[in-house]
Amino acid sequence: MSKPYPFREGMNVAWDLVAWRSDHERVEIAVLDREDVTQVRGYFDRGDDVWMYNVYPVPNALLPRIAELIPGSQLDPTFEHSIEARQDLPGGESWFPAPGELPPGHVPPP
């Protein structure tokens, strides 16, 4: 019997809002939760990746909408921004399918 898939419907996932500075330094601005992503995912071309489990560049035109999710924030349009998914399981453990088992969807990196 296999374990249930822990990332169904965007559960157990956190999305980092990241700015990439001109010196290629990654700066984490905020962690978005499932409700935040639900509010903005319609603005992105996700194909069949309904819950944005991959990395998505944030166009400058969308920065004001994303900033609304983070009280008091101002996002600098001179930086490149992206939303990047990662696992957020209780206890901080990581989940990987058992050998030979294929997950029913993308497994966000730990």
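Below is a table of values for the structure above.
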read-out: Those residues of segment 60-71 which are open to solvent by 90 Å² or more (accessible area, probe 1.4 Å) and not in a helix (DSSP H, G or I), in sequence order; value: Glu68, Pro71
read-out: Segment 79-106, subset part of a loop (DSSP other than H, G, I, E, B) and in contact with a Phe, Trp or Tyr (Cβ under 7 Å, 6 or more places away or on another chain), residue most open to solvent (accessible area, probe 1.4 Å); value: Pro104
read-out: Contacts under 6 angstrom Cβ, first residue in segment 59-79 being under 12 Å from Ala30 (Cβ atoms), partner open to solvent by less than 70 Å² (accessible area, probe 1.4 Å) and in a helix (DSSP H, G or I), 6 or more apart; value: Leu69/Asp36; Ser73/Ala67; Leu75/Leu63; Leu75/Ala67
read-out: So Val50, is it open to solvent by less than 90 Å² (accessible area, probe 1.4 Å), at pLDDT 95 or above, within 12 Å of the chain's Cα centre (by Cα) and closer than 28 Å to Phe96 by Cα; value: no
read-out: Residue within segment 35-57 that is within 16 Å of Arg8 (Cβ to Cβ) and in contact with a Gly (Cβ under 6 Å, 6 or more places away or on another chain) present; value: yes
read-out: Of all residues in segment 1-38 being modelled with pLDDT of 95 or more and polar (S, T, N, Q), the one that is surrounded by the fewest Cβ atoms within 10 Å (Cβ to Cβ); value: Thr38
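To keep it simple, each residue is scored yes or no on (1) within 24 Å of Glu80 (Cβ to Cβ); (2) out of contact with any Ser or Thr (no Cβ under 7 Å at 6 or more places or on another chain); (3) in a loop (DSSP other than H, G, I, E, B).
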position	(1), (2), (3)
Val18	yes, no, no
Asp23	yes, yes, yes
Val27	yes, yes, no
Arg41	yes, yes, no
Asp45	yes, yes, yes
Trp51	yes, yes, yes
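The values are calculated or read from the model by the stated rules, or taken from the named source; none is laboratory data. Computed from a predicted model, the values in this text were never measured in an experiment. Please note: Cβ atoms are built from the backbone with ideal geometry, for glycine as well, and neighbour counts cover all protein chains shown. The protein model used for the area step is the full one, side chains on, heavy atoms only, and it has no ligands, DNA or RNA in it. Shrake-Rupley method; radii C 1.70, N 1.55, O 1.52, S 1.80 Å.
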